[in-house]
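Reviewing the structure listed below.
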Amino acid sequence: MDNMYSYDYQFRLIVVGDSTVGKSSLLRSFCDGVFSQDPDPTVGVDFNVRIVEVKPGVKVKLQLWDTAGQERFRSITRAYYRNSVGVLLIYDTTNYVSFTHVTSWLNEARAQIQPYHSVFLLVGTKIDRESERQVTTEEGKAFADFHNISFIETSSKSSLYVQEAFTMIAREIYDMLTEGRIHVQSGWDGVKTGPKSANSNQNQPIEIVQSIQPRRNGCCSN
């Protein structure tokens, strides 16, 4: 069991995408190790916590904000962007329309996060339903490459690449932090130091280079 009081950093992540793409199932698989075939739709915003190890001996507490995909909740979702250092853009590989809407989610996130910038990860879900696939892995990779963001495909039902997805974005944020491209900033909840961290940069300004070259790691079942 994760020790919620022993970690080096805290990263706040927001999970966005259309309704029914599997955002809540992805988080439940990651946080609780369970799968629900038909979870209740998220109303507003739900909150989850999980600790991951980004490198040997370095633990990060992830605050995970699960947002509703329905249009009537978009104003609520927008309020959570600015204090997030990471954004998971979710689409359903068996629903092409949800993939076409990712551009809108990405643009909205980038606009709302200003003056900050976040690390983005494109996540295709439900790859266990291969016979129903409408979005190819190549299409997902091409979108991620075009927008210079990382990419992975997952299955919440089988837990395939679920852990890897969250660890990937956490490591990317941590790497930028150690490289000096992200700093802990007082008044911003995107990144905070934890009780284990000896580093105290609370009053340093944030500086993120917008044009980054993230590691791309597309995982899929063939």
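The values are calculated or read from the model by the stated rules, or taken from the named source; none is laboratory data. Nothing here was measured: the structure is a model prediction, and the numbers come from that model. So basically every Cβ, Gly included, is an ideal-geometry build from the backbone, and we count neighbours across all protein chains shown.
Residue by residue, here is whether (1) of a type outside the set (Phe, Trp, Tyr); (2) at pLDDT below 90; (3) on the phi > 0 side of the Ramachandran plot holds:
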| residue | (1), (2), (3) |
| --- | --- |
| Glu164 | yes, no, no |
| Ile173 | yes, no, no |
| Met176 | yes, no, no |
| Glu179 | yes, no, no |
| Trp188 | no, yes, no |
| Lys192 | yes, no, no |
| Asn203 | yes, yes, no |
| Arg216 | yes, yes, no |
| Ser221 | yes, yes, no |
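Does Val16 satisfy being at pLDDT 75 or above and either surrounded by fewer than 16 Cβ atoms within 10 Å (Cβ to Cβ) or over 29 Å from Glu139 (Cβ atoms) (or both)?
Against the criterion (at pLDDT 75 or above and either surrounded by fewer than 16 Cβ atoms within 10 Å (Cβ to Cβ) or over 29 Å from Glu139 (Cβ atoms) (or both)), Val16 does not qualify.
Among the residues of segment 113-126, is any free of Cβ contacts under 8 Å to residues at least 60 places away in the same chain and polar (S, T, N, Q)?
Yes, because at least one residue in segment 113-126 is free of Cβ contacts under 8 Å to residues at least 60 places away in the same chain and polar (S, T, N, Q).
Per-residue answers, yes or no, for (1) at pLDDT below 95; (2) within 16 Å of the chain's Cα centre (by Cα):
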position	(1), (2)
Leu27	yes, yes
Gly33	yes, no
Phe47	yes, yes
Arg50	no, yes
Glu53	no, yes
Ser98	no, no
Leu106	no, yes
Val119	no, yes
Ile127	no, no
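Looking only at segment 68-94, filter to residues that are at pLDDT 75 or above, crowded, with 20+ Cβ neighbours inside 10 Å and not hydroxyl-bearing (Ser, Thr, Tyr); which one of those is farthest from Val15 (Cα to Cα)?
Asp92
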